[in-house]
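Since the structure comes first, as structure tokens, the remarks are kept for the end.
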Amino acid sequence: MKIKIISGVAAMVFLTSVQAMGQKTLGEVTKGKFLFGVAVNSRQVIGISAIETELITREFSAIVGENCMKPQPIHPEENRFNWVDADKLVAFGEKNKQVVTGHCLIWHSQVGRWMFEDANGKDVSPEVLKERMHQHISAVVGRYKGRVKGWDVVNEAFEDNGTYRNSKYYQILGKNFIKYAFQFAREADPDAELYYNDYNVETPAKCDAIVALVKELRGEGCRIDAVGSQAHMHMNTPTLDATEASLKKLKAAGVKVLITEWDISILPSPFEGAEISTNFSYSAKMDPYRDAVPDSVQQKWNKRMLDMFGLFLKYSDVVDRVTIWGLTDNTTWLNNFPIRGRKDYPMLFDRNNQRKSVMDEMIKLAEKDK
Ligand code: XIL
């Protein structure tokens, strides 16, 4: 109780100072261009930290659950759903007049093994898997019908070289699992937007495969509104040119683009990608900024954030939403991925919940773009 009161008072002090400065927010200045969103965790939705809740509601026009709507958390067993956190997320967004999107229906990660196995632990038949997908998607999309703007229907179905990922879905159903997912989602909420989402969309072969998928799905009469580009970035990759090339390709394919999980890690990276099962062992060399980020490195990160944000603004005719994958440097998943226990600095708010100076620059850029 004591903690709650202290953080409540701190939040009031914080708010008063921000309001007194009359500071604009990124959510406000991007209005009419794209939604500016944030991924929130379940602690934040229930308001454990009043300051974090305040930042989420003040600064952003959209929210998405960082984990609570994923297959395993929401559907841990065949006949059991866990709606608690997802219900709170949707109610939170409604209360604060923020657009809520759903992440994600079909994904090879964070899904219960039960989805693919029979009672003997053997792979189920294509018919059974298709029916389980149907049950999952109908239940989840149906529950939030009319309240969730759009869904990441399928997440990460391709390898970086453009071939299909050899997931359990692919092994059992072949590439048609993607089509089925889009059909089931549309059936459950015909008015919801439907998205395909992936990382490293800036890789040409992967982007081409996604464009081909969009065409194929549309050819089959499926609804697909947008491609989500996760945009988990590093200090040198992807390049601005590669990112622009992917935006151009998607625009030419006639789909909207969502930047769905944007973060720029400031740390050295042992690899490129966001396959969450990947991890490397810790070494101090790979965790160079435990005490502080040197100014030159900070400047480089700021510039990269601004350059990318400028690109999203340039393509705001097709970019419908830009979502940051987390709130503060304290809570970012990158402190534990792909190496556990590092100190990364990829977010817009620092470890003391303070806004970083780059936000002011981003706001200026968005205002100049009007
Ligand atoms: C991450 C979450 O941020 C972590 O909290 C969780 O432990 C693992 O998943 N691609 C996605 C996201 O589509 O769902 C992942 O989120 C990051 C990579």
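Laid out as a table, the results:
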quantity	calculated
Other-chain or far-sequence residues with amide H under 5 Å of His232's (modelled H)	Asn200, Asp263
The stretch 195-322: radius of gyration over Cα atoms, expressed as a fraction of 2.2 N^0.38 Å	1.17
Estimated translational D of the chain in µm²/s (Stokes, Kirkwood radius over Cα pairs; 20 °C; 1.002 mPa s)	101
Number of Lys pairs (Cα under 15 Å; 8 or more positions apart or on different chains) in the stretch 290-370	7
Spatially proximal lysines relative to Lys175 (Cα-Cα < 16 Å; intrachain offsets below 8 disregarded)	Lys130, Lys206, Lys215
Length-normalised contact order of the chain in % [C-alpha pairs under 8 Å, at least 6 apart]	16
Share of Cα-Cα pairs in the stretch 100-240 lying beyond 18 Å, as whole percent	56
The stretch 212-228 - phi-based ³J(HN,Hα) in whole Hz, Karplus 6.51/-1.76/1.60, Gly and Pro as x	4, 5, 4, 5, 4, 4, 5, x, 8, x, 7, 8, 9, 8, 8, 9, x
Cα convex hull volume per residue for the stretch 255-322 (Å³)	108
Nearby lysines by direct alpha-carbon distance to Lys88 (threshold 22 angstrom, same-chain neighbours under 8 apart not counted)	Lys4, Lys70, Lys97, Lys145, Lys149
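Quick note: the coordinates plus some simple rules give every number you see, no bench work behind them. For clarity, every value in this text was computed on a predicted model and none was experimentally measured.
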